[in-house]
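FYI, it's all coordinate maths here, none of it is from the lab. These numbers come from a predicted model, not from an experiment. Glycine gets a Cβ as well: all are built from the backbone with ideal geometry, and neighbour counts include every protein chain shown.
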Amino acid sequence: MQHFRSNPPSRQIAPRPLYVPSLTTVGASMSAAEAHSPKSGPSAKGLPQLRRLEAFMAVRPVAPSALGRMVAKDPRLVFDLRNGTSPRDGLADKITAFFKIVEFTEARNA
């Protein structure tokens, strides 16, 4: 029986460098119109939900992906909202219901 390696030395793929754009890089590469486009930040519809999720994560030690799984079974929820995705009505209702449950639980335990 032959033993195959998942990534043999002949096919070693170098890790991708972590690219974090600085404010000067972003400002230089975008015009003023692009900087204020809906894709550059959270949408008006998703902003209140994103603020509530961010405040929840600031108070509790919860990772963004874990919170997305708790709220909507979607680990990319917080990241998508940060990137400007506008939540549909069903998702907005799930977020609202999650915070109602959290508020009820905290009131009951207080």
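Quick look at the numbers
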{"quantity": "Check: region 41-110 dipole with +1 on Lys, Arg Cβ and -1 on Asp, Glu Cβ, in debye", "calculated": "80"}
{"quantity": "q = 0.17, 0.22, 0.27, 0.28 Å⁻¹, region 41-110: log10 I(q)/I(0) [Debye, one scatterer per Cα]", "calculated": "-0.57, -0.94, -1.35, -1.42"}
{"quantity": "Ranking of 108, 82 by count of other Cβ atoms within 10 Å, fewest first", "calculated": "108, 82"}
